[in-house]
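Reviewing the structure listed below.
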């Protein structure tokens, strides 16, 4: 069993209205000195697989096909055995 | 300027319908051997702050007050200087 962690973030330059809203909400709550808030996704995929390399390959393919919108998002895959 | 990375995940035992849906979608796309998919949030908070300790304290407070729903979610804060 292999656990793969996937981090999906908006590419630099892509507007993040959700992050902006959260930033304003934090300001309203009294948090000062906030420069920026960017929001992404974090996914944990557990695979019934023995080889970390095969798992990484499979999860990268999942990112390309479904988990990330590669037009506007970057992704990073971390594999633990 | 300090970058804090926040990981918000559903607590163990809390149902994750979004993760279940993604798992089924991946199965439909032909990915076999998936055990589980859990979906969380990843946030990058940039603070105008000098001390990493103060930044961690501020971001932890943000998590408690807004970024995470501590009834059903866990959070982890990583601070880089």
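The numbers here are math on the coordinates, done by the rules we state, and not lab data. These figures come from a predicted structure and were not determined experimentally. Here the Cβ is made from the backbone with ideal geometry for all residues, glycine too, and neighbour counts use every protein chain on show.
For this structure, a couple of remarks:
- Criterion applied to A:45, A:79 was being in contact with a helix residue (DSSP H, G or I) (Cβ under 6 Å, 6 or more places away or on another chain) and within 15 Å of residue B:29 (Cβ to Cβ), and the one residue passing it is A:45.
- Annotation note: Cβ proximity below 8 Å between a residue of segment A:11-26 that is under 18 Å from residue B:47 (Cα atoms) and a residue that is exposed (fewer than 15 other Cβ atoms within 10 Å of the Cβ) (sequence gap 6+ or interchain) occurs for A:22/B:66; A:25/B:66; A:26/B:66.
- Whichever residue in segment B:3-22 is within 9 Å of chain A (Cβ to nearest Cβ) and touching a helix residue (DSSP H, G or I) at 6+ places or on another chain (Cβ under 8 Å) and, among such residues, is nearest to residue A:33 (Cα to Cα): B:8
- Residue tally, condition farther than 14 Å from residue A:7 by Cα and part of a strand (DSSP E or B), over segment A:47-79: 1
- Meets criteria (in contact with a strand residue (DSSP E or B) (Cβ under 6 Å, 6 or more places away or on another chain), without any contact (Cβ under 8 Å) to a residue 60 or more places away in the chain, exposed (fewer than 14 other Cβ atoms within 10 Å of the Cβ) and under 25 Å from residue B:75 (Cα atoms)) for residue A:44: no
- Restricting segment B:23-46 to residues that are more than 7 Å from chain A (Cβ to nearest Cβ) and outside any loop (DSSP other than H, G, I, E, B), the residue that is nearest to residue A:11 (Cα to Cα) is B:23.
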